[in-house]
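I have placed the structure first, in the form of structure tokens, so that the comments after it can refer back to it.
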Amino acid sequence: MDERPGSSTGPAADTAADPRAGLDPRAELSEFLRTRRARLKPEDVGLPDYGRHRRVPGLRREELAQLAGVSVAYYTRLEQGNGRNVSAEVLDAIARALRLSDAEHAHLTHLAKPKRHKKKPVARTEQVRPAMLQLLDTIDGVPAYITGRRSDIVAWNGMAAAVFGDWSELPAQERNWARLVFLRPDYRELFVEWDQKAYDIVAFLRMDAGCHPDDPRLSALVGELSVKSEEFRRLWAIHDVKEKSYGVKRLRHRLVGELTLNFESFRLTDGTEQNLITYHPEPGSPSAEALRLLASWGADATKAGTSASA
């Protein structure tokens with residue numbers, strides 16, 4: 001079988017040709033395995049490199065199958081999107097051979113052994129528990145918000161509005177990090193490392209897609225962004241995945257200048273698949289003073305600063 005670049009066969013080929021084709025689980029599995037295999041070099045896993053005689057980027061299927069301890073035919077069927085009846089042990093072996101991260105390993109499992117979700121009416125907005133809304137109101141001086149499925153922003157406190165913009169002025173479906181980051185120039189200005197923020201958002205969406213490949217709203221979001229943003233299309237095709245975690249974000253605020261904030265993400269354990277994200281500065285830093293100023297200005301900071309309706 002020809003594995004040269006540009007010669008994709010099977011279900012993945014149609015998805016690569018038309019990013020609006022939807023989230024076909026077989027195509028997702030096929031493309032994910034192919035892209036993970038392509039990023040590994042023979043020397044990375046202790047295999048000889050035949051240099052110019054190699055016709056494919058990364059490892060060959062037979063090399064990957066050898067490393068995982070499965071037959072070439074079995075692995076080929078799996079990479080063509082046929083993950084039916086694959087065991088957890090085989091997936092673990094393939095994950096080790098591909099040197100997958102924990103998030104990638106979980107994503108592979110979701111794609112190969114998708115869970116069946118009960119059909120539920122599609123709500124316009126996710127519901128946030130009253131206690132969580134109260135918690136947001138009590139977080140004083142620190143931007144905090146809650147995200148739900150598909151990177152939707154479902155609740156936030158006053159400091160989040162002062163730093164990121166007044167999301168209450170937007171229609172509910174526009175309160176979505178992917179739409180904000182890829183479709184709004186003001187958010188491109190807001191994030192100093194915009195490229196990293198864009199990459200992270202797509203990687204989160206990929207993870208969500210692996211868990212919910214039959215979600216019509218997620219499919220519609222991916223289709224819309226694929227049509228409207230070349231950068232989104234490029235990042236979506238990479239098939240990288242990651243979980244929300246922690247780190248540092250540098251922001252360029254219109255009123256107080258550059259902010260350097262540590263962010264933390266907390267997954268809620270109430271079955272909602274929601275995350276609480278907080279941002280805090282180093283004590284005594286210029287960013288801490290800048291947040292204190294924004295807090296003292298209250299609603300005026302939201303109106304005059306980073307406006308979500310700009």
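The values are calculated or read from the model by the stated rules, or taken from the named source; none is laboratory data. Everything quoted here is computed from the prediction, not taken from an experiment. Virtual Cβ from ideal backbone geometry, glycine too; neighbours counted across all protein chains shown.
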Just one listed residue, out of ARG96, ARG52, ARG60, is out of contact with any Leu (no Cβ under 9 Å at 6 or more places or on another chain) and at pLDDT 75 or above, and it is ARG60
May I ask you to list the residues in region 248-279 that are in contact with a Lys or Arg (Cβ under 9 Å, 6 or more places away or on another chain) and either closer than 17 Å to CYS211 by Cβ or assigned to a loop (DSSP other than H, G, I, E, B) (or both)?
SER265, ARG267, LEU268, ASP270, THR272, GLU273, GLN274, ASN275
Listed residues ALA160, ALA203, ALA172; which is of a type outside the set (D, E, K, R) and under 30 Å from THR109 (Cβ atoms)?
ALA203
Leading residue by the ranking (modelled with the lowest pLDDT) among those in region 128-158 that are over 17 Å from the mean Cα position of the chain (by Cα) and of a type in the set (D, E, K, R)
ASP140
So, in region 217-238, how many residues would count as being β-branched (Val, Ile, Thr) and in contact with a Gly (Cβ under 9 Å, 6 or more places away or on another chain)?
1
Here are ASP166, ASP215: which of them is buried (at least 17 other Cβ atoms within 10 Å of the Cβ), in the same structural domain as ASN275 (by TED's automatic domain parsing), within 25 Å of LEU33 (Cα to Cα) and among the acidic types (Asp, Glu)?
ASP215
Answer yes or no as to whether GLU174 is acidic (Asp, Glu) and in contact with a helix residue (DSSP H, G or I) (Cβ under 9 Å, 6 or more places away or on another chain).
yes
Just checking, which of ALA27, ALA65, ALA38, ALA73 is surrounded by fewer than 12 Cβ atoms within 10 Å (Cβ to Cβ) and modelled with pLDDT of 85 or more?
ALA73
Flagged pairs (Cβ under 8 angstrom, 6 or more apart or on separate chains; first in region 218-229, farther than 14 Å from GLN173 by Cα and buried (at least 17 other Cβ atoms within 10 Å of the Cβ); second among the hydrophobic types (A, V, I, L, M, F, W, C) and modelled with pLDDT of 95 or more) are SER226/PHE232; SER226/TRP236; SER229/PHE182; SER229/LEU183
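Can you tell me how many residues within region 267-285 are surrounded by 14 or more Cβ atoms within 10 Å (Cβ to Cβ) and modelled with pLDDT of 90 or more?
Residues meeting the conditions: 9.
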I'd like the residue in region 80-96 that is free of Cβ contacts under 8 Å to residues at least 60 places away in the same chain and either among the polar types (S, T, N, Q) or in contact with a Gly (Cβ under 8 Å, 6 or more places away or on another chain) (or both) and, out of all such residues, is nearest to LEU205 (Cα to Cα).
ASN82
Tell me which of these ALA161 doesn't satisfy, since it passes every other one: (1) assigned to a helix (DSSP H, G or I); (2) in contact (Cβ under 8 Å) with a residue 60 or more places away in the chain; (3) within 12 Å of the chain's Cα centre (by Cα).
(3)
